[in-house]
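These notes concern the structure reproduced below.
The values are calculated or read from the model by the stated rules, or taken from the named source; none is laboratory data. Values in this document were obtained by computation on a predicted structure and should not be read as measured data. Note that we place each Cβ from the backbone using ideal geometry, even for glycine, and neighbour counts take in every protein chain shown. Each accessible area value is taken on the protein alone, full model and side chains, heavy atoms only, with ligands, DNA and RNA left out. Shrake-Rupley method; radii C 1.70, N 1.55, O 1.52, S 1.80 Å.
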Amino acid sequence: MRFNLFPERWLIVPRNVRFIPLIIVASLMTSENGLAQKTITLAQSAATVPAYEFVEVTLAVTSPDAANCFTDATVKGQFEKAVGLSYAVDGFCDAADGSMFRIRFMPEAPGDYSYSVTYQQDEFTRTFSGKFTATDAHRRGVVRVDTQYPWHFLWSGTGEHYFWNGTTTYWLMGWKDEAVVSSSIDRLHNLKVNRMRVLIASRASSFWGEPIVPGDNFTFNLNPWTARKPDSTEDPQFDYARFNLPYWQKYERMLEYARARDMVISVVFDIADSPAHPATGSEDELRFYRYCVARLAAYSNVTWDLGNEFDVYHQQPNEWANMMGAHVKEWDPYKHLTSAHPTNDIHVYRTSPWFDMTLQQYWARPLHDWMLSERKEQSATGRIIPQVNEEYGYEDHYPIWSPSYPDGASADADRRAAWEMSMAGGYQTTGETAKRGTNVWPNTGGGWVNGRGDNSMVMLAGYAHMVDFFTSFEWWKTNPHDELVSDGAMCLAAPGHIYAIYLPRGGKTKIKLDPGTYQASWFNPRSGKTTPISVVHGGQEWTTPEEPDAGGDWALLLK
């Protein structure tokens with residue numbers, strides 16, 4: 001009898017945690033056909049972990065004899081809190097010969113937990129049990145949709161609101177030197193980026209017109225499966241039934257490094273640019289997605305993207321997305337945010353239970369009215385979820401087919417577009433220039449292609465100023481109110497409490513203020529400098545004073 005490697009659910013823990021001496025051994029007696037005796041030894045990584053960390057349970061198998069350990073043996077687990085909160089979890093094979101399986105349990109609240117783990121191969125089954133304790137270390141936890149203000153996100157651990165400021169770093173895992181991966185995460189974190197898009201599977205040629213080429217330190221060929229020709233772009237000859245474990249372990253080290261910096265990783269399963277994919281809806285494809293969830297779901301800093309432009313390489317993409325999205329949501333014990341990034345409109349998914357946020361791509365400028373229309377369309381469904389434009393132009397890279405070409409091809413154009421969407425109550429993901437090159441002089445960049453940058457790349461500093469502005473007030477309590485301002489200004493407001501105004505070309509505007517006394521200040525989106533204005537008395541239309549200097553965009557905040 002053959003069993004799927006990914007039954008109901010699984011679990012894990014950090015590699016820098018020393019394993020405690022909890023060891024349980026189960027023996028398989030010598031069988032009638034003379035197979036050697038084997039044992040299973042269970043070890044638990046820690047007796048106590050912080051909430052949103054994970055306990056990793058390892059099962060060491062002596063004399064493994066599964067023909068394919070990824071398909072013929074399974075590990076499933078269950079863990080629960082004393083008060084009754086229960087999670088079903090998948091485990092996964094982490095040794096090519098079947099000698100090692102792991103399962104990870106991530107507690108989301110302090111308390112005492114118990115667990116059971118079952119190993120199954122053919123007719124043989126062994127079950128183990130254990131306990132651990134979770135403490136409150138005030139970790140931010142998992143990013144979720146705010147149920148009270150569902151256009152927005154919050155950290156489940158602390159209740160802090162999460163102002164999404166993302167960037168594309170597709171081939172971050174193409175760097176062979178992991179120090180480049182770590183330094184890239186650090187650089188982006190210091191620029192107040194808090195989300196990165198990182199591929200799992202892909203291979204591609206450098207056809208974007210950017211100086212990004214493979215070499216000794218970088219490759220486009222990402223290999224989550226074993227391959228006869230791992231360096232081939234067009235024909236890697238993947239064995240989709242066997243996973244390339246060193247690659248997955250490298251991806252986990254990246255996740256762990258990012259988690260320590262509260263950097264959310266959008267796990268992008270696959271991308272349209274790749275010529276090699278498991279067949280749509282096949283056992284191989286389902287195995288891949290389930291294995292990914294089993295290995296990575298216990299990291300608190302992940303979200304799921306079913307595939308970048310998945311409608312290009314899938315037949316019947318709408319049916320596929322609803323099928324796979326439902327599976328991922330079912331397999332993930334922690335229900336991380338899940339979405340998908342098509343090339344076409346996402347209206348068919350807006351009400352799907354698995355679809356937690358839109359990940360659109362829309363390139364035409366301006367983007368303020370477009371984002372307002374997206375909110376309106378989502379609102380009409382009766383199901384409010386956050387709206388994100390995942391791709392709207394990369395610095396120095398803008399498609400000639402876009403209605404706004406070439407106006408979008410600059411750092412300043414992208415920054416202004418980001419303000420426009422934020423002022424419509426939405427979010428965005430940007431990307432730095434790739435023209436500093438990879439394996440092409442000066443070979444200090446890579447930008448949106450692979451995440452690396454240097455000190456000459458200053459675009460994201462402007463985005464950091466935007467983060468500072470919005471996080472200086474309770475932006476999640478505001479809604480678009482452009483009817484309160486004039487002369488092309490944009491307004492987010494909680495009338496009577498907060499008014500945030502953006503002047504895309506500077507100048508003056510008139511603001512209809514509810515009665516009250518407000519402290520007003522200018523904010524320079526280009527420098528991040530705040531300049532107090534004065535106390536403003538509401539109950540009337542107020543005309544803004546001259547901006548501190550002309551020739552650029554400005555923002556005002558009244559509280």
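Within segment 431-458, the residues that satisfy the criterion of being open to solvent by less than 10 Å² (accessible area, probe 1.4 Å) and not polar (S, T, N, Q) are 431, 432, 434, 437, 445, 446, 447, 448, 449, 451.
The single condition among (1) touching an Asp or Glu at 6+ places or on another chain (Cβ under 8 Å); (2) surrounded by fewer than 19 Cβ atoms within 10 Å (Cβ to Cβ) that residue 541 does not meet is (1). Checked against the criterion of being assigned to a loop (DSSP other than H, G, I, E, B) and within 20 Å of residue 74 (Cα to Cα), segment 279-288 contains one or more residues that satisfy it. Residues that are open to solvent by 10 Å² or more (accessible area, probe 1.4 Å) and either under 20 Å from residue 170 (Cα atoms) or not charged (D, E, K, R) (or both) within segment 405-418 comprise 405, 406, 409, 410, 411, 413, listed in sequence order. Taking the criterion of being part of a loop (DSSP other than H, G, I, E, B), closer than 30 Å to residue 111 by Cα, at pLDDT below 95 and touching a Lys or Arg at 6+ places or on another chain (Cβ under 8 Å), the residues of segment 11-64 that qualify are 11, 13, 15. Within segment 187-243, being in a strand (DSSP E or B), of a type in the set (Lys, Arg) and either open to solvent by less than 10 Å² (accessible area, probe 1.4 Å) or touching a His at 6+ places or on another chain (Cβ under 8 Å) (or both) holds for 195, 197. Considering (1) open to solvent by 10 Å² or more (accessible area, probe 1.4 Å); (2) closer than 19 Å to residue 553 by Cβ, the lone condition that residue 373 does not fulfil carries the number (2). Out of everything in segment 319-333 that is open to solvent by 10 Å² or more (accessible area, probe 1.4 Å) and in contact with a Pro (Cβ under 9 Å, 6 or more places away or on another chain), what residue ends up being nearest to residue 79 (Cα to Cα)? It comes out as 329. Cβ-Cβ distances below 7 Å connect the following pairs, each with a first residue in segment 352-374 that is within 14 Å of residue 340 (Cβ to Cβ) and modelled with pLDDT of 95 or more, a second residue that is in a helix (DSSP H, G or I) and open to solvent by 30 Å² or more (accessible area, probe 1.4 Å), and a separation of six or more residues or different chains: 352/322; 354/326; 354/329. Just so you know, in segment 272-282 the residues that are open to solvent by less than 30 Å² (accessible area, probe 1.4 Å) and at pLDDT below 95 include one that is farthest from residue 222 (Cα to Cα), and it is 272.
Pairing each residue of segment 160-182 that is under 13 Å from residue 217 (Cβ atoms) and touching a residue at least 12 places away in the same chain (Cβ under 8 Å) with any residue that is assigned to a helix (DSSP H, G or I) and open to solvent by 40 Å² or more (accessible area, probe 1.4 Å), provided the two are 6+ apart or on different chains, yields C-beta distances under 8 Å for 178/253; 181/257. Scanning segment 283-299 for residues that are closer than 17 Å to residue 244 by Cα and either touching a strand residue (DSSP E or B) at 6+ places or on another chain (Cβ under 9 Å) or open to solvent by less than 30 Å² (accessible area, probe 1.4 Å) (or both) returns 284, 285, 287, 288, 289, 290, 291, 292, 293, 294, 295, 296.
Applying the criterion of at least 1 residues that are of a type in the set (Gly, Ala, Ser), more than 23 Å from the chain's Cα centre (by Cα) and farther than 22 Å from residue 345 by Cβ to the helices (runs of 4 or more DSSP H) found wholly in segment 357-471 leaves 411-422. Looking at segment 248-270, is at least one residue over 28 Å from residue 467 (Cβ atoms) and of a type in the set (A, V, I, L, M)? Checked segment 248-270: no residue is over 28 Å from residue 467 (Cβ atoms) and of a type in the set (A, V, I, L, M).
Residues that are surrounded by 13 or more Cβ atoms within 10 Å (Cβ to Cβ) and in a loop (DSSP other than H, G, I, E, B) within segment 521-538 comprise 524, 525, 526, 528, 538, listed in sequence order. Counting only residues that are assigned to a helix (DSSP H, G or I), touching a strand residue (DSSP E or B) at 6+ places or on another chain (Cβ under 9 Å) and more than 16 Å from residue 359 (Cα to Cα), segment 300-323 holds 2 of them. The set of residues in segment 350-370 being in contact with a strand residue (DSSP E or B) (Cβ under 8 Å, 6 or more places away or on another chain), among the hydroxyl-bearing types (Ser, Thr, Tyr) and surrounded by fewer than 21 Cβ atoms within 10 Å (Cβ to Cβ) consists of 362 alone. Going through segment 497-520 one residue at a time, which ones are open to solvent by less than 30 Å² (accessible area, probe 1.4 Å) and over 34 Å from the mean Cα position of the chain (by Cα)? Scanning segment 497-520 gives 506, 507, 509, 511, 513, 518, 520. Residue 339 fulfils the conditions (1) in a strand (DSSP E or B); (2) more than 30 Å from residue 192 (Cβ to Cβ) except for a single criterion, (2). Among the residues making up segment 381-419, a single one is in contact with a Pro (Cβ under 8 Å, 6 or more places away or on another chain), without any contact (Cβ under 8 Å) to a residue 60 or more places away in the chain and over 21 Å from residue 209 (Cα atoms): 417. Polar (S, T, N, Q) and farther than 27 Å from residue 404 by Cβ, is that true of residue 316? So residue 316 passes the test. Among the strands (runs of 3 or more DSSP E) confined to segment 86-167, the ones with at least 3 residues that are within 30 Å of residue 62 (Cα to Cα) and open to solvent by 30 Å² or more (accessible area, probe 1.4 Å) are located at 111-121, 124-135. Based on this model, can you work out whether residue 268 counts as touching an Asp or Glu at 6+ places or on another chain (Cβ under 7 Å) and either β-branched (Val, Ile, Thr) or modelled with pLDDT under 95 (or both)? The answer is yes for residue 268.
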